[in-house]
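Written below as structure tokens is the structure these notes are about.
The values are calculated or read from the model by the stated rules, or taken from the named source; none is laboratory data. Keep in mind the model is a prediction, meaning the values are calculated, not measured. All Cβ positions, even for glycine, are placed from backbone atoms using ideal geometry, and neighbour counts span all protein chains on display. The protein model used for the area step is the full one, side chains on, heavy atoms only, and it has no ligands, DNA or RNA in it. Shrake-Rupley method; radii C 1.70, N 1.55, O 1.52, S 1.80 Å.
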Amino acid sequence: PYFDVTVAPLPATLGGGALVTLIDTAPVEGAEQIRRDFVANVSHELRTPLTALIGFIETLRGPARNDAAARDRFLDIMERETHRMNRLVSDLLSLSRVESGERLRPVARVDLAVLLGGVATTLGPAAEKAGVRIELDTGDAPAWIPGDQDQLTQVFQNIIENAIKYGGSGGWVGIALREITHEPMLRGPAYSIEIADRGEGIDAIHLPRLTERFYRVDTHRSREKGGTGLGLAIVKHIVARHRGRLRIHSERGQGSRFTIVLPQASAAQPPAG
Ligand code: ADP
């Protein structure tokens, strides 16, 4: 199934025989399969809350018509499901925007120290509610990189939110920003941002697939926490657009550490002169 084969007999003037062409169709089929899976996943993700909504509407019209307590409970669930669909659509739009602009290198300047401080403040109430202390260590100096402010905010918001949601049982989330004078993989100066938690961690078998769209370790738990399964896929694409690296270390029972390394200058740009 991976090759289209054509066989054309060659005329005697060219020495006879035959010309055999093999066209490798694997990449095209691969891309097509990924697209089909994606559409199936999206449909499934949308159908789950929709089915719940339809069920509750029918119940409210019928058996629960005069039951005030049931009505309140059902409306709460319906509200939650609607918000989840809304988040799913927002995440899908983010993903498609990030993917279509992936080759465009961001040019604006962003101070990572200020950006991380902002994200930590935004997530303060959620952390407090989950009983998690956020420890932020960004040093005193600004940390400028060429970057897209909104996209980088989304990256750190997703990872820190995950650390609170899934790693919050440890009661602590650490965010540390460090300068690296020479990062060999990026062939130049960079910043590393480490987000660590002391939660239950992730089994090694899941790690390679964690940034795939809709991949979750525990679907039920992700849904319960309002997750869409797209967060880390979005993170991966944004980091790629910034020519950075994402590394995930995790140990069951110990916690997880997400490290993002971002170059200080564009490695893709040729040196001036
Ligand atoms: P979701 O919307 O489900 O949170 P993500 O793409 O952000 O989707 O994360 C994918 C999965 O990775 C999550 O469902 C969860 O199982 C796992 N995960 C992410 N971060 C952590 C963490 N800090 N600790 C444990 N598991 C995590």
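Quick notes on this one:
- Among residues of segment 154-180, those that are assigned to a helix (DSSP H, G or I), more than 9 Å from the ligand (Cβ to nearest atom) and open to solvent by 40 Å² or more (accessible area, probe 1.4 Å), counted: 3
Table: residues versus (1) touching an Asp or Glu at 6+ places or on another chain (Cβ under 9 Å); (2) free of Cβ contacts under 8 Å to residues at least 24 places away in the same chain.
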residue: L177; (1), (2): yes, no
residue: H182; (1), (2): no, yes
residue: A190; (1), (2): yes, no
residue: D197; (1), (2): no, no
residue: L232; (1), (2): yes, no
residue: F258; (1), (2): yes, no
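For (1) free of Cβ contacts under 8 Å to residues at least 60 places away in the same chain; (2) assigned to a helix (DSSP H, G or I), each residue gets a yes or a no:
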residue	(1), (2)
V7	yes, no
G16	yes, no
R35	yes, yes
N86	yes, yes
S94	no, yes
L104	no, no
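- Flag if P142 is of a type outside the set (G, A, S) and touching a strand residue (DSSP E or B) at 6+ places or on another chain (Cβ under 9 Å): yes
- Within segment 106-121, being touching a residue at least 40 places away in the same chain (Cβ under 8 Å) and assigned to a helix (DSSP H, G or I) holds for L112, A113, L115, L116, V119, A120.
- Residue satisfying condition, being over 22 Å from D91 (Cβ atoms) and within 16 Å of the ligand (Cβ to nearest atom), within set E200, E183: E200
- Answer residue from segment 213-264, given it is among the hydroxyl-bearing types (S, T, Y) and within 10 Å of the ligand (Cβ to nearest atom) and is surrounded by the most Cβ atoms within 10 Å (Cβ to Cβ) among those: S256
Conditions (1) exposed (fewer than 11 other Cβ atoms within 10 Å of the Cβ); (2) at pLDDT 90 or above; (3) under 19 Å from the mean Cα position of the chain (by Cα); (4) under 23 Å from T228 (Cα atoms), marked per residue:
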site: V20; (1), (2), (3), (4): yes, no, no, no
site: P27; (1), (2), (3), (4): yes, no, no, no
site: G30; (1), (2), (3), (4): no, no, no, no
site: Q33; (1), (2), (3), (4): yes, no, no, yes
site: N41; (1), (2), (3), (4): no, yes, yes, yes
site: L50; (1), (2), (3), (4): no, yes, no, yes
site: G55; (1), (2), (3), (4): no, yes, no, yes
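- Segment 203-212: number of residues that are surrounded by 13 or more Cβ atoms within 10 Å (Cβ to Cβ) and of a type in the set (A, V, I, L, M, F, W, C): 2
- For segment 186-195, a tally of residues being open to solvent by less than 20 Å² (accessible area, probe 1.4 Å), within 17 Å of V235 (Cα to Cα) and either assigned to a helix (DSSP H, G or I) or within 16 Å of the ligand (Cβ to nearest atom) (or both) returns 2.
- S94 being within 27 Å of L232 (Cβ to Cβ), in contact with a helix residue (DSSP H, G or I) (Cβ under 6 Å, 6 or more places away or on another chain) and either open to solvent by 100 Å² or more (accessible area, probe 1.4 Å) or of a type in the set (S, T, Y) (or both): yes
- Scanning segment 67-80 for residues that are more than 15 Å from the ligand (Cβ to nearest atom), open to solvent by 20 Å² or more (accessible area, probe 1.4 Å) and in a helix (DSSP H, G or I) yields A68, A69, R71, D72, R73, F74, L75, D76, I77, M78, E79.
- In the condition set (1) in a loop (DSSP other than H, G, I, E, B); (2) among the aliphatic types (A, V, I, L, M); (3) under 24 Å from K225 (Cβ atoms), A64 is compliant with all but (3).
- Total residues in segment 196-213, condition in a helix (DSSP H, G or I) and within 16 Å of the chain's Cα centre (by Cα): 4
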